Amino acid sequence: MVFFLESVVLGNWIPRIPDIKDKLALSGLELGIALLALSGGTMVAFLLAGLVTKRFGKRRTLVVSMPLWAIFFVLPGVVSNAPQLLLALFLAGLMMGLTEVAMNTAADQIEKQYQHRIMSRCHGFWSLGSLVGAAIGAMLAHLGVVTAVHFSLVMPVVAIIGWYFCNRLPDEQFDNSSVSTEPSKQPESSGLAGLSMLRERDLLLLAIMPVGIMCVEGIFIDWSALFVRNVLQADALAIGLVYAFFSAVMTTTRMLGDGLIDRFGAVAIARVSAVAATLGITLFSLSVSVPMAFVAAALSGLGVAIVYPLAMTAAAERPGAAAENVAAVALISFSAFLLAPPVTGFLSDWLGLRWALLIFAPLAALSGLLAGELVKSTAR
């Protein structure tokens, strides 16, 4: 539910971006800078998340950050100028980053306690939440509900539900019960994600491993509809169905992912995923028809589904503080997910949208080459 609710907020936001752009009379550059503020706040939070979760614990961090992630998204609906929007999105990004690290670390802790994989399914519910949120946002936009009213009605409800479920997560006594009582042989944690990567070269390689996959996911979410409309000249039904097909394949694969990982192993799954994502984004960028785009969407959804959950589990199992390691990997990999869409926009102005999408194919292939990082030593 925590994973689901975090993405419900993001899903409600995405369909209303054009309305906020029009309301504030923002240029494309101004909107791009505002969207980068969301990424900036998230990256700052990733740097500090190890310290925060170490000081307050995962559950108490989520009890605060998850509801505030929703509440801060009331602000973009009521701001009156670009600087206010930038500040609102930066604050929301801070809460998103803290939530992202704490919930992934909590999922890993629960996996260890019960000796049963749940990480991929958690991310499956994240994908499902983005679909539900986008449906709510699109429906209210279609009904003519102004953004300020939409966000003021929906976001507090999500915050209250999120607070309830975060409070039901295991407390720190649970966390401590599953950690070895033997004296730690690891250097004392600084709590800073950046220092964690400087200290551990292998952790940096693990962080780089999912970058290409996350880029494909980010640009498909933000740019696939525009590509189908402007490049393929498709009708509104096809535009919606291509993205829906991508999302449905991704969500289904994540729901089945834990069983697939147990059966075939993390490295094999990551390599197959990288091949699928590389073929998917390549085929999509070269599509000349809607049926071709559907095949590409299926391959892309299959390819991006499981790699990030695998990276989160692997990071939490590395030597050192789990929250710090997760934050270090998320700092690079999840930031790539947030930054790839605006970078694609800049590249499309220069090269055209087809080439802007195709550039990310080699990065997706790199994820397969680095898949062995998932099974490096996990002794803590």
Would you mind stating whether A49 is modelled with pLDDT of 90 or more, touching a Gly at 6+ places or on another chain (Cβ under 7 Å) and not assigned by TED's automatic domain parsing to the domain that holds G259? no
Mind listing just one residue for me: the one in the range 36-55 that is surrounded by fewer than 20 Cβ atoms within 10 Å (Cβ to Cβ) and in contact with an Asp or Glu (Cβ under 9 Å, 6 or more places away or on another chain) and, of those, nearest to A328 (Cα to Cα)? L51
Only residues in the range 24-40 that are more than 14 Å from G218 (Cβ to Cβ) count as the first member; pair them with residues that are basic (K, R) and at pLDDT below 80, Cβ under 9 angstrom, at least 6 apart or cross-chain, and list the lot. none
Residue in the range 123-137 that is outside the structural domain of V304 (by TED's automatic domain parsing), free of Cβ contacts under 8 Å to residues at least 12 places away in the same chain, surrounded by fewer than 24 Cβ atoms within 10 Å (Cβ to Cβ) and out of contact with any Phe, Trp or Tyr (no Cβ under 8 Å at 6 or more places or on another chain) present: no
State yes or no: is I306 buried (at least 24 other Cβ atoms within 10 Å of the Cβ) and either under 20 Å from the mean Cα position of the chain (by Cα) or in the same structural domain as L35 (by TED's automatic domain parsing) (or both)? yes
Mind checking whether some residue in the range 349-367 is of a type in the set (D, E, K, R) and surrounded by 24 or more Cβ atoms within 10 Å (Cβ to Cβ)? no
Might you check whether a residue that is touching a Leu at 6+ places or on another chain (Cβ under 6 Å) and among the charged types (D, E, K, R) occurs anywhere in the range 52-61? yes
Checklist (1) surrounded by fewer than 24 Cβ atoms within 10 Å (Cβ to Cβ); (2) at pLDDT 90 or above; (3) under 27 Å from F246 (Cβ atoms) applied to V64, failing item: (3)
Please tell me if A297 is among the small types (G, A, S), modelled with pLDDT of 90 or more and closer than 30 Å to A34 by Cβ. yes
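The values are calculated or read from the model by the stated rules, or taken from the named source; none is laboratory data. Predicted, not measured: the structure shown is a model, and the values here were computed from it. Because the Cβ atoms are built from the backbone with ideal geometry, glycine has one as well, and the counts that use them run over all protein chains shown.
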